[in-house]
Structure formats: C-alpha cells, structure tokens
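Inspection log for the structure reproduced underneath, given as structure tokens.
The values are calculated or read from the model by the stated rules, or taken from the named source; none is laboratory data. This is a predicted model, so every value here is computed, not measured. For neighbour counting, all protein chains shown are included, and Cβ atoms are generated from backbone atoms with ideal geometry for every residue, glycine included. To get the accessible areas, we keep the full protein, side chains included, count just its heavy atoms, and leave off ligands, DNA and RNA. Shrake-Rupley method; radii C 1.70, N 1.55, O 1.52, S 1.80 Å.
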Amino acid sequence: METVLSGIRPTGNLHLGNYFGALRNFVKMQHDYNCFFFIADWHSLTTHPNPENLHGNIKTVLAEYLAAGIDPDISTIYIQSDIPEIPELYLLLSMNAYVGELERTTTFKDKVRKQPDNVNAGLLTYPVLQAADIIIHKAHHVPVGKDQEQHVEMARKFARRFNNMYKAEIFPEPKPFNFGNDLIKIPGLDGSGKMGKSEGNAINLADEPEAIRKKVMRAVTDAGPTEKNSKKPEAVENLYALLKVVSTPDTVSYFEDKYNSCEVRYGDLKKQLAEDIIKYTSPIREKILEYTADNNFLGKVARQGAEKARASASKTLKEVREVIGFRSF
Ligand code: TYM
C-alpha cells in the first residue's frame, strides 16, 4: 500500500486554505493509503511563537484534525516534536543540502523580506526538515496546497540525491498530490494573494456562522462590470474562486452569467458564498468544540500516534544509518 503524509504548522486555527488545500484531500485518502498526518511544531519555531501559545495551538490543530474527519484508528496523527528520529534524519540530510539551493527557495526569500530581523538558520534549512518529515515514512504522496509545491519538489530532490549517493533505493520520490488535478491556492478575502493566517484574511473552520457572514460581506470587490464578458479584477476573481470550491456548479454558473451580463449584485453573491461556506464549516465547528473539551482523548490520540510514527520512523532510520556506514561493533 502506498504511503501518504502531510502536515500543518500550529500557528492558530485552521482556515479554509488549510482545509481545501490539504486536509480535506487527506481525509478522503485515509481508506486507500497508509496515512500519516502530523503537527509541524518544530517548523513553527522559525517564526518564534510565544511559549504560552505553542501548546494551545498544538491542541487546537489536533482537535481540528479530528473534527475535519481524520480517524486516529485508521491514520497516524502525531506531533512532530514527539519523534526524535526526525531531527536525526534532518541532520543527515543537511550534509547533502547546499546553501545555494536553500537560499534560492521562494519561501525563504519571502521570509527574508517579511522578517529581516529574524533570518535564522532554521528558516534556511526549513525544506530539509520538511524533506525529513516526508521521507522518514517513505511517503509517496503529499497532499498540499500550491504554496508547498516547491518544498515537496525539494524533498524529491533530497530523496533522489540520498539514494544516488549511497547507491541504495531507500526512499521513494514523494510527489505533491491533488487527485491528478493541479494543486490549489485558496485566495484571501482582501483582494489579493492567498488565504493565510498571518495575512489576516482568513475564514477559519472554527468561525461562528455570524463571523463568517461578516467576513464575507466585508470582502473587497469593485463597482461591478460595465462591459459584457469583461475580465474580472483580482478581488472579484477571488470571490468566484471561493464560490467554485464551496458551491454547486449551478450556483457558480448562475453568478458567472450574471457577471457576464453586467447584472451581478455582489451582495447576493456574498450572501450565497457565506451560506455555502457555513454548510461546510458548521458540522466541523461543532466537532471542534467537542474534541477541544476532551483533553484525555486528545492525549490518547497524541500518544497512540507518536508510538505508531516512531515505529515507522525508526525502521527507516535503521536502514539509513546502515547505508551511511554507522554500524555497531
Ligand atoms: P502550512 O502550515 O503553511 O499550511 C498547511 C497546509 O495548508 C495549505 N494551505 C493552503 N492551500 C491552499 N490555499 C491556501 N491559501 C493555503 N494556505 C495553506 C498548505 O499548502 C499546506 O498543505 N511547510 C508546511 C508544513 C509541513 C509539511 C511537512 C507539509 C511541514 N512538513 C511535510 C507537508 C509535508 C507548511 O508550512 O504548511
């Protein structure tokens, strides 16, 4: 059976980008693959979270994974920092990762721009740690959003390089996965870019319906088209992109026709969009509340996941040590 792996950094509540970019696909794959889904808490240290928030954020993400439908008896759900084999593989991979290629990574260049006072070594080697996450379980498929495509490509490269260097077929080359479709980018509600926690333009799975309505109604638009069949400006295109993800094809074509004939009323479009988002998030939100209140169960899930993940990780690491030449006397 092929293996699937993905992860999310614990930086707060999960939003629609996390859900439609990665989590939902993962949930759909659970019955057909050997699945690992984890909380990338070491990765989150690259942006220096407050120690007061870290544990709470990990707990939130764990509860939200379960609420979104990851079944801990089928999939392995775990917290990255519970698996000491990961940093060992990270160290070994970093010996064959070159500073030049790490400096050229798009996410690194973005971070240098965004946090010039905190360009730490963890940011530079972020893709190496991510590669260790992926290949330690010999994953074949990595369900992620568009923004993670380059990181998965780098994991492929590091896996291939390791196999070539030690003339051993230890690691399969992992591929980004979206059921054969292009990876997706869920846009934000502020008229530009992608939905993201730090962008402040996100709708969270845990948001109350009223909060979702408010956020959607505030989304940026324009005065409306004045010429038939004209191209949509980015902010409007973003609303339609969200509609395509959460609404029925009939609803999408209704609003497309309205736009093309210059009769669109953004208020109506937004109302529909908000209600269709709420249809997705409401059942999840209710379960988030239930899981968040059940600390004992969350603890049990984390311990069970750590045990399963460590068993898999240590098996791989044993092979890795052996081919590198670390042998016992
Ligand atoms: P993170 O925590 O930024 O995001 C988690 C997942 O959500 C997806 N995502 C989106 N997809 C579509 N549109 C959006 N607006 C959007 N925003 C977020 C991301 O693509 C991702 O799949 N480096 C990773 C965490 C990680 C990881 C891994 C992922 C660490 N190790 C190994 C896969 C495999 C990250 O920062 O994701």
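Accessible surface area normalised per residue over the chain is 49 Å², counting heavy atoms of protein chains with a 1.4 Å rolling probe. Overall, the anisotropy analysis places region 225-329 in the oblate class: the square-rooted eigenvalues a ≥ b ≥ c of its C-alpha gyration tensor yield a/c not less than 1.5, with a/b not exceeding b/c.
The charge dipole of the chain, taken about the Cα centre with unit charges on the Cβ atoms of Lys, Arg (+1) and Asp, Glu (-1), comes to about 500 debye, rounded to the nearest 20.
Rounded, prolate or oblate: which one fits region 93-215, using the alpha carbon gyration tensor with axes a ≥ b ≥ c (rounded when a/c is under 1.5, else prolate when a/b beats b/c, else oblate)?
On the way: a/c = 2.88, a/b = 1.63, b/c = 1.77.
It comes out oblate by the Cα gyration axes.
With contacts defined as alpha carbon pairs under 8 Å and 6 or more residues apart, what's the relative contact order of the chain in percent?
Across the chain, relative contact order equals 23 percent.
Amide hydrogen proximity for residue 76: with H placed 1.01 Å from N in the peptide plane, the residues at 5 or more positions away or on another chain lying under 5 Å are 35, 36, 37.
Given an 8 Å cut-off on Cα distances and at least 6 residues of separation, report the relative contact order of region 209-289 as a percent. In percent, rounded to a whole number, it is 44.
May I ask for the net charge around residue 310, where only other residues with Cβ less than 9 Å from the Cβ of residue 310 are counted and Lys, Arg are +1 while Asp, Glu are -1? Numbers along the way, then the final one.
Working: positive: 308; negative: 82, 85, 307.
Every neighbour counted, the sum reads -2.
Taking the accessible area of region 209-289, probe 1.4 Å, and keeping the other protein chains in place, the carbon and sulfur fraction comes to 52%. For region 199-223 versus region 170-194, the inter-centroid distance based on Cα atoms is 22 Å. Using a cut-off of 32 Å between Cα atoms, the listed pairs 214/300; 146/270; 157/185; 109/300 include 214/300; 109/300 as exceeding that distance. Just the protein heavy atoms count here, and of the accessible area of region 54-149 at 1.4 Å, carbon and sulfur take up 56 percent. Residue ranges 32-40, 234-242, 106-114 sort as 32-40, 234-242, 106-114 when ordered by packing (mean number of other C-beta atoms within 10 Å per residue, highest first).
The residue among 328, 262, 76 whose Cα reaches farthest toward the positive pole of the charge dipole of the chain, with charges on the beta-carbon of Lys, Arg, Asp and Glu, is 328.
Projecting the Cα positions of 251, 298, 226 onto the charge dipole of region 226-329 (unit charges on Cβ atoms of Lys, Arg, Asp and Glu, taken about the Cα centre) puts 298 furthest along the positive direction. Please report the net charge: other residues with Cβ closer than 14 Å to the Cβ of residue 1, K and R +1, D and E -1. Once all neighbours under 14 Å are counted, the net charge is -1.
What's the local net charge at residue 93, with K and R +1, D and E -1, over the other residues with C-beta under 11 Å away? Working shown, then result.
Values: positive: 157, 161; negative: 88, 133.
With Lys, Arg at +1 and Asp, Glu at -1, the net is 0.
Hey, can you rank 266-273, 322-329 by average C-beta count inside 10 Å, highest first?
Numbers: 266-273: 17.8, 322-329: 9.2.
Ranking the peptides 266-273, 322-329 by packing returns 266-273, 322-329.
Taking amide H as placed 1.01 Å from N in the peptide plane, the amide H of residue 2 sits under 5 Å from that of 34, each at least 5 places away or on another chain.
Among the helices of the chain, those built from whole DSSP H runs whose Cα atoms reach 15 Å or more along their own axis and whose mean Kyte-Doolittle hydropathy is at least -0.5 are 51-68, 234-246.
Note on the chain: helix-only mean residue ellipticity at 222 nm, from DSSP H runs of 4+ residues weighted -39500 (n - 2.57) and normalised by residue number, equals -16500 deg cm²/dmol.
Rounded, prolate or oblate: which one fits region 205-260, using the alpha carbon gyration tensor with axes a ≥ b ≥ c (rounded when a/c is under 1.5, else prolate when a/b beats b/c, else oblate)?
Values: a/c = 2.66, a/b = 1.57, b/c = 1.69.
Since a/c reaches 1.5 but b/c is at least a/b, the shape of region 205-260 is classed as oblate.
So if I take the centroid of the Cα atoms in region 233-247 and the same for region 65-144, what is the distance between those two points in Å? Using only Cα atoms to place each centre, the spacing works out to 30 Å.
Rounded to the nearest 20 Debye, what is the dipole magnitude of region 209-289 about its Cα centre when Lys and Arg each give +1 and Asp and Glu each give -1 at the C-beta?
On the way: 15 positive and 13 negative charges, 69 e Å.
Rounded to the nearest 20 debye, it is 340 debye.
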